[in-house]
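Taking it in order: structure first as structure tokens, then the write-up.
Values quoted throughout were computed directly from the atomic coordinates according to the rules given, and no laboratory measurement underlies them. Predicted model, so just to flag it, every value in this text is computed and none were measured. FYI the Cβ positions are ideal-geometry reconstructions off the backbone, even for glycines, and counts take in every protein chain you see.
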Amino acid sequence: MKYDVIVIGGGPAGLAAALAAKENGAQEILILEREKELGGILNQCIHNGFGLHTFKEELTGPEYAARFIDRVKEENIPYLLSTTVIDLARQENGVTVTAVSRENGLMTLEGSAAVLAMGCRERPRGALNIPGTRPAGIFSAGTAQRLVNLEGYLPGREVVILGSGDIGLIMARRMTLEGAKVKCVAEIMPYSGGLKRNIVQCLNDYGIPLKLSHTVVDIRGKERVEGVTIAQVDEHNKPIPGTEEDYSCDTLLLSVGLIPENELSRGIGVELSPVTNGPKVNESLGTNIPGVFACGNVLHVHDLVDYVSEEAAEAGKNAARYAAGSGTQEGVEIPVETGGAVRYTVPSRICPDRMEEELVVRFRVGKNMRNAWVCVYAGEKELLRRKRPVMAPGEMEQVKLKKEDLKDALSLRVCTEE
Amino acid sequence: MKEYDIVVAGAGVIGCATARELSRYTGSVAVLEKNADVCEGTSKANSAIIHAGFDAEPGTLKAKMNVRGNQMMDQLSKELDIPFSRCGAFVVCLREEELPKLRELYERGLKNGVEGLSLLSGEEARRLEPNLTKEVCGALYAKTSGIVCPFELTLGLAESAAINGVRFYFETPVLSLERQGEKWLVHTPKEDFLAKAVVNCAGVHSDELHNMVSEKKLKIQVRKGEYCLLDKSAGKHVGRTIFQLPGKYGKGVLVSPTIHGNLLLGPTAEDVEDRENVRTTASGLQDVLEKSALGVKDVPTRQVITSFTGLRAHELGDDFVLGEAAPGFFDAAGIESPGLSSAAAIGESLAAEIAQKLALGKKEHFDPIRRGVPKLKEMSLAERRKMIEKNPAYGNIICRCEEISEGEILDAIHGVLGAKTLDGVKRRTRAGMGRCQSGFCSPRVMEILSRELSLELSQIRKNQDGSQIVLTRTRGE
Amino acid sequence: MPIIELTCISCPLGCPLKVETDETGNVKGVTGNTCKRGEEYGKKEVSAPVRTVTSTVRLTGGAAPVVSVRTKTDIPKEKIFACMAEIRKASAAAPVHIGDVILDNIADTGVALVATANVEKRA
């Protein structure tokens, strides 16, 4: 049999995409999830703060996931757990997905459309080339989170955290509540990559110092981490001699960035953006491969799961329409250029003929800004100008474009102006 | 006390090669290793090259063993079921005035009996390796140079030895030696071993062991080398190992594909006093990245996934020290580069010498064949389907970066010399060696280890004792 | 008049708040907020700050060794560690479902500790 839509990944993106595909008429949908539960990374994010946009209340990660999982079950959308997709290939009218599992062996599945929802992974120590020894006790923050929250084990008692991404901040509080001493959070940039609220409620509440423009320059210890050295960095992120401070600790947590997991996308020839490391997509969240859509953290790393769900619903809807052969596939795509501090936009090309009345364009800025303008131009014509009291690299921004504005546009530019 | 005909001290590549060669003979053999696994010292962190043999001075043991060791690799890799590729190597010359040195190297290679050597112009070299810099004005091409996985080679040798009756004792360091009649009493913290012959394969500690029994003292100068390993997306940047001709810029660093498809840069060379100093340093890593750019352009240094330090056991006499140093005490000391390339030959030569001394005959049923953990990712879909049908655990992917299944991890744990630690699993299967560097799979591999070895999760170690990964349960028992 | 500067944690916006109080600590006004929740947060944060506590409790007979929990509503900030002490001692038996009450009045706050995940019995 041929599926209408195969969703790769059963985390928040995959769940929302599958539900939207169903709502938009797809009959045969299949979710493939490599873990033994649906919900993805939300299952280990036991802190609250999810769903304020979507449900108007603050949920924990597992609670947020459960709302979607319950609906997937109500809708009888089939899913396979502990199932890993090992290959994705094009075929005449859609895609072939090769997956393996203990229960079903090696499966070859065919779909008219596929939604990429594989999420992201954490950058490891090696990517930073931190000098020193290689003992036990160095964890990416997410790995430590899984060990504490799902396995019920304490990874260490005296902790230094490098990187102030949200997972790092959340783990600073989590480890503190479990009785560990978090000595400091060092951040190489002059600003935090995490949400401001997390600096308040995860660091400030517990008196954990945040050392901006600092990084780890040495790791000590033979079998287990015994200490790290932290130094201040200059404007080129090079450590400044003489600013070294030693911290004794048994654990170093790294929260130094997330990278979309696009091995499968690469395999099928999806064009990736060097900025986001995720697929380049059009207004329908479609990649350059017909019938292959992308959403969530595999597309670009999000700050809020609510936006993942929103985005994924669009991808699921468009995948369903593609599978049904409905909606126009025709039309010229115009590129979305960036300017000012805007690093990228999703989508990066728009076909005004295909877009709905309104389209959300998401982006991130490359620096902290106060009272700056977000502007959108079609050629010379200003389509939109919005003042933002605060913008930060750690937080995703968005603007809404109207179809009627883009009718005659030949090019689009999303930029900030100070 | 345990009694064996032969005790081998050290389960690095030399100890394991020697043990395997000894297992062709009738004597009983034990290998004592201070670490928890094979290949934990010098053998583990090096350039992973099977050198052609043009580098060493003609007439030295280094030259002889390297050339012979290289020749043995085709058959050995098949017998041990380990990956090996004769990808070839270039020694690139960056300055016209140093071209005579390149020719010297070529001639040295001929004297050493190296086959498949040729001299190329800069243009010819760039045609074969388009990423060489424009500064490259000539190259020595060594077709027989190869790449190997040092761990798989060592484990393959060790398991083959074990299949043929050799016993391995891990976390059993040799503390001292004592002559007892015609035999050696070997003291370890666990128990004593009595042997007719002792083989010193103690790597950076080989001088210490040697000096316990010989008046002719050895001195190992430990030389530290730092490396950077790049992601597989950079693995095809060069197709061959690219060495720099030693010259104005010092010895230079190599840029090489690895047998697993990554790209390796390094090493630095720094003499250190601490024999366990495996730290990397900011300056060392910087040095590696800068020097690698001299001969190879556009090295994607942002793709570094890990860096590491290896220790080389440089003996001040500047050659391998092989053979009987005291009655029944045999050295394989000062084994630095080309030690990995020479391992098989050193084992062969030492085993023959020891067998002769102990008057051991060849076994009737030596089994040269050893099978490694199957690699499902490298199989065709049909083969893979069949494997999973036979054992469903091969369908349960644990390491998503390297696509390693639970079945492969179970094979590694229950192998001839099974993995007991996270690093042990990693080296046998590559689970955790990929892009995320074990972020996703380490908790799951820990669970499997804990289940299969009946250990608490908090007892699971990275490698040696003291490297436990999690401390305690957060919520009672 | 004393002005206390805060970052609102009510939502991810993280608005910079200024809370003006009189000499006795009574809140006279909050500025910098973009919504009503921000104003409430500002008032509360200077007088009686509150937080939600999330953690895990031991689970017996379940498919997982622990189950995640939260305080059903906010609790006084100074009770966080008292709350954790009780969480450490608490346990639940599988199956557990979202919203199941694990402790009904944690650390004398009058607030219940509830499960935030579904964990079935061990197979």
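Using C-alpha pairs below 8 Å separated by at least 6 residues, the relative contact order for the range C:54-115 is 38 percent. Taking the DSSP beta bridges with both ends in chain A, the antiparallel portion is around 65 percent. By the beta-carbon count within 10 Å of each Cβ, the least crowded to most crowded order of A:H300, B:H260, C:H97, B:H237, fewest first, is C:H97, B:H260, B:H237, A:H300. What the pair-distance distribution of chain B shows, using all Cα-Cα distances binned every 20 Å from zero, is 24, 56, 20, 0 percent.
Mean per-residue shielding of peptide A:80-88 is 3, counting Cβ atoms of other chains within 10 Å of each Cβ. With each run of n ≥ 4 DSSP H residues scored as -39500 (n - 2.57), what mean residue ellipticity at 222 nm is computed for chain A after dividing by its residue count and rounding to the nearest 500 deg cm²/dmol? The per-residue figure over chain A is -5500 deg cm²/dmol.
Comparing Cα centroids, the range B:232-302 and the range C:70-123 end up 53 angstrom apart.
Mean-square fluctuations from a GNM of chain A, with a 10 angstrom spring cutoff on Cα atoms, peak among A:G132, A:G51, A:G105 at A:G105. Note on the protein assembly as shown: semi-axes of the ellipsoid equivalent to its C-alpha gyration tensor, largest first and rounded to whole Å, are 54, 33, 29. For the protein assembly as shown, DSSP calls about 70 percent of its internal beta bridges antiparallel. Using 16 Å as the cut-off for backbone N distance, which residues of the range B:1-36 belong to the label zone defined by a point 7 Å from the Cα of B:E178 along Cα→Cβ? Within reach of a label on B:E178: B:1-3. Applying a threshold of 18 Å to the alpha-carbon distances of A:K222/B:K251; A:K222/B:K462; A:K56/C:K36; A:K56/A:K402 flags A:K222/B:K251; A:K56/A:K402 as lying beyond it. Shielding by partners for peptide A:147-160, expressed as the average number of C-beta atoms from other protein chains within 10 Å of each residue's C-beta, is 6. Working from Cα pairs under 8 Å separated by at least six residues, relative contact order for chain A is 16 percent. Counts of other chain beta carbons within 10 angstrom of each beta carbon in peptide C:48-58 average 5. Please state the shape class of the range A:305-408: rounded when a/c is under 1.5, otherwise prolate if a/b exceeds b/c and oblate if not, all from the C-alpha gyration tensor. Verdict is oblate for the range A:305-408. Along the axis of the charge dipole computed for the protein assembly as shown (Cβ charges of +1 for Lys and Arg, -1 for Asp and Glu, origin at the Cα centre), the listed residues B:N200, A:L410, A:G105 are led at the positive end by A:G105. Here the spin labels are modelled as points 7 Å beyond Cα on the Cα-Cβ line, and at C:T60 and A:N104 they lie 3.8 nm apart. Simple rule: put +1 on each Lys or Arg Cβ and -1 on each Asp or Glu Cβ in the protein assembly as shown, find the dipole, and look at A:L177, B:I14, A:V336; the Cα lying farthest toward the positive end is B:I14. Overall dimensions of the range C:3-48, expressed as equivalent-ellipsoid semi-axes from the Cα gyration tensor (√(5λ), whole Å, largest first), are 18, 9, 8.
Treating each Cα of the range A:227-372 as one equal point scatterer and applying the Debye formula with no solvent, the log10 of I(q)/I(0) at q = 0.10, 0.12, 0.20 Å⁻¹ comes out as -0.48, -0.63, -1.26. I need the Debye-formula profile for the range B:222-337: one equal scatterer per C-alpha, no solvent, reported as log10 I(q)/I(0) at q = 0.12, 0.14 1/Å, two decimals. Per q value, in the given order, log10 I(q)/I(0) is -0.49, -0.64. Residues B:M1, A:M118, arranged from fewest to most other Cβ atoms within 10 angstrom of their Cβ, appear as B:M1, A:M118.
All C-alpha pair distances within chain C, sorted into 5 Å bins from zero, spread as 2, 11, 18, 15, 13, 12, 11, 8, 5, 3, 1, 0, 0 percent across the bins. The eigenvalues of the Cα gyration tensor, multiplied by 5 and square-rooted, give the range A:165-284 an equivalent ellipsoid with semi-axes of 31, 18, 16 Å from largest to smallest.
Here the simple spin-label model places points 7 Å from the Cα toward Cβ, and for B:L185 and C:A93 these points are separated by 6.1 nm. Pairs from the list A:K22/B:K390; A:K181/C:K121; B:K34/B:K232; A:K238/B:K297; A:K36/B:K420 with a Cα-Cα gap above 30 Å: A:K22/B:K390; A:K181/C:K121; B:K34/B:K232. Is the range C:54-115 rounded, prolate or oblate when judged by the Cα gyration tensor, a ≥ b ≥ c being the square roots of its eigenvalues, rounded requiring a/c under 1.5 and prolate requiring a/b larger than b/c? Taking the square roots of the gyration eigenvalues as a ≥ b ≥ c, the range C:54-115 is prolate. Among A:G227, A:G11, A:G291, the largest mean-square fluctuation in a Gaussian network model of chain A, built with springs joining Cα atoms closer than 10 Å, belongs to A:G227. If each Cα of the range A:97-148 is one equal point scatterer, what is log10 of I(q)/I(0) from the Debye formula at q = 0.19, 0.22, 0.29 Å⁻¹? Values returned for q = 0.19, 0.22, 0.29 Å⁻¹ are -0.84, -0.91, -1.18. I need the shape label for the range A:321-382. Rule: rounded when a/c is under 1.5, else prolate if a/b > b/c, else oblate, with a, b, c from the alpha carbon gyration tensor. Cα axes put the range A:321-382 in the prolate bin. Taking 20 Å as the cut-off, the amide N atoms of the range A:263-278 that come nearer than this to a point 7 Å along the Cα-to-beta-carbon line of A:R90 belong to A:263-274, A:278.
Over chain B, dividing the summed -39,500 (n - 2.57) contributions of all DSSP H runs of at least 4 residues by the number of residues returns a 222 nm mean residue ellipticity of -9500 deg cm²/dmol. Averaging the sequence gap over all C-alpha pairs within less than 8 Å and six or more residues apart, then dividing by the number of residues, gives the range C:3-48 a relative contact order of 34 percent. For the range B:376-459, what are the per-bin percents of Cα-Cα distances with bins 10 Å wide, up to the bin holding the maximum? Result returned by the calculation: 20, 51, 27, 2.
Taking other Cβ atoms within 10 Å as a rough exposure proxy, B:K357, A:K387, A:K317 sort from fewest to most as A:K387, B:K357, A:K317. Computed about its Cα centre, the charge dipole of the protein assembly as shown is approximately 360 debye, with only Lys, Arg, Asp and Glu carrying charge at their Cβ.
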